[in-house]
Amino acid sequence: MRVWKFGDDIDTDAIIPGRFLTIYDPAELAKHAFEGTRDEFAKEVQEGDVVVAGSNFGCGSSREHAPLALLGAGVKVVVAKSFARIFYRNAVNTGLLPLVSAGAEGIRDGDTVTVDLAGGYIEANGRRLPIEPVPGFMKEIVDAGGLVAYAKGLDEVKTCNTE
């Protein structure tokens, strides 16, 4: 997992510029991810790469397009020192795993990282950096592929759809 490193206060307009908000297909959004901020990202990102940032990642508007663009690019995990609250929820709701780590600032662009959720850490440059625990229900939502897919798997929803 290659690291794409960003700084503090990366807003949703930097992740996916507002002029692309008419697009809702993650693969199409991915073609414009970080356009104007880091143009090589959309061309070079690989499935499984990780975005690492400083504080307040995903601030700005409440658009779901930002986590969808990252998912479309093959990014499944974002590690940051902190997240904007709405981005964090949108990430979980769309199936992107946001991980909070105070050590995110020590990870460099191009580093390789591994994530061990059960162990409660990420490893970069031979160093283990603790991550905040991910609540079980949030992990289940992410594992299901987002809130809609998760809800479709609930017995209550299945019962409502069959009656």
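Quick note: the coordinates plus some simple rules give every number you see, no bench work behind them. Please read these numbers as outputs of a predicted model, since none were measured by experiment. Every residue, glycine among them, receives a Cβ derived from its backbone with ideal geometry; neighbour counts consider all protein chains shown.
General remarks:
- Helical runs assigned H by DSSP (4 residues or longer) give the chain a calculated mean residue ellipticity at 222 nm of -8500 deg cm²/dmol, each run adding -39500 (n - 2.57) before division by the residue total.
- Mean Cβ neighbour count within 10 Å, used as a protection proxy, ranking 27-39, 80-92 highest first: 80-92, 27-39
- Relative compactness, the chain, computed as alpha-carbon Rg over 2.2 N^0.38 Å: 1.03
- Selected from Val100, Val134, Val142 as most flexible by GNM, with the chain as the system and alpha-carbon contacts under 10 Å: Val134
- Candidate cross-link partners of Lys5 among the aspartates and glutamates, defined by an alpha-carbon separation under 13 Å and a same-chain spacing of 8 or more, comprise Glu40, Asp49, Glu105, Asp109, Asp111.
- Percent RCO, i.e. relative contact order, over the chain, from Cα pairs under 8 Å lying at least 6 residues apart: 21
- For the stretch 49-118, the Rg and Dmax computed from alpha carbons only, in angstrom: 11.4, 32
- Greater than 19 Å apart at Cα, pairs in Lys31/Lys152; Lys31/Lys76; Lys31/Lys139: Lys31/Lys152; Lys31/Lys139
- Computed over the stretch 17-89, the quotient of the alpha carbon radius of gyration and 2.2 N^0.38 Å is 1.02.
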